[in-house]
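A quick write-up on the structure given underneath.
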Amino acid sequence: MKFKVPIDLKERRRYICVKHPEGYPLLDKTRRALAMIGGLKCLSYSRVSVINLDRAISVIRTSENSVKAVLTALLILKYTECSEIDVIGLSGNLRKVKEICSKNPR
């Protein structure tokens with residue numbers, strides 16, 4: 001029997017479209033930056049996953065509450081390790097963020 005969770009109790013997902021160099025380990029670097037910012041508590045709280053759309057464009061999936069921490073981690077990565085990282089857009093559903101990513105010229 002499957003229980004239905006009320007919509008108020010579910011975490012809302014957010015998708016961040018990121019442009020980066022080909023072959024850049026975005027997930028590992030983002031997790032390291034999150035651990036540097038807030039330690040293990042921040043890392044477990046944010047629950048980051050990466051969806052690769054293209055070799056140079058990825059989508060980071062996270063919860064609504066941790067968008068600020070993930071954007072801060074990406075900003076730290078931009079200014080410390082890789083200046084080619086750019087946040088293209090942010091959306092609440094995957095279809096819309098794919099449209100935003102496809103509109104951006106490579």
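Quick note: the coordinates plus some simple rules give every number you see, no bench work behind them. All values reported here derive from a predicted model rather than from experimental measurement. Note that each Cβ is placed from the backbone with ideal geometry, even for glycine, and that neighbours are counted across all protein chains shown.
Against the main long axis of the alpha-carbon atoms of the chain, helix 26-46 sits at an angle near 40°.
Farthest toward the positive end of the dipole of the stretch 13-98, out of Asn65, Ser83, Ile37, is the Cα of Asn65, where the dipole comes from beta carbon charges about the Cα centre. Which log10 I(q)/I(0) values, to two decimals, does the stretch 13-98 give at q = 0.19, 0.20, 0.22, 0.25 Å⁻¹ under the Debye formula with one point per Cα? Each listed q corresponds, in turn, to -0.77, -0.85, -1.04, -1.33.
Among the listed pairs Lys4/Lys68; Lys10/Lys103; Lys68/Lys98; Lys41/Lys103; Lys2/Lys68; Lys41/Lys78, which are separated by more than 25 Å between their Cα atoms? Check vs 25 Å cut-off fails for Lys4/Lys68; Lys10/Lys103; Lys41/Lys103; Lys2/Lys68. Short-range pairs are left out: with C-alpha atoms under 8 Å and at least six residues apart, the relative contact order of the stretch 13-98 is 47 percent. Averaging the Cα positions of each part gives two centres, and for the stretch 39-68 and the stretch 15-33 these lie 9 Å apart.
Here the stretch 13-98 is treated with +1 on each Lys and Arg Cβ and -1 on each Asp and Glu Cβ, and its dipole about the Cα centre works out to around 400 debye. Axis of helix 67-80 versus longest Cα principal axis of the chain: the two differ by about 10°, to the nearest ten degrees. Put simply, the amide H of Arg14, placed in the peptide plane, has neighbours under 5 Å in Thr62, Ser63, Glu64, leaving out anything fewer than 5 places away on its chain. Only DSSP H runs of four or more residues enter the estimate; each adds -39500 (n - 2.57), and after division by the residues of the chain the mean residue ellipticity at 222 nm equals -14000 deg cm²/dmol.
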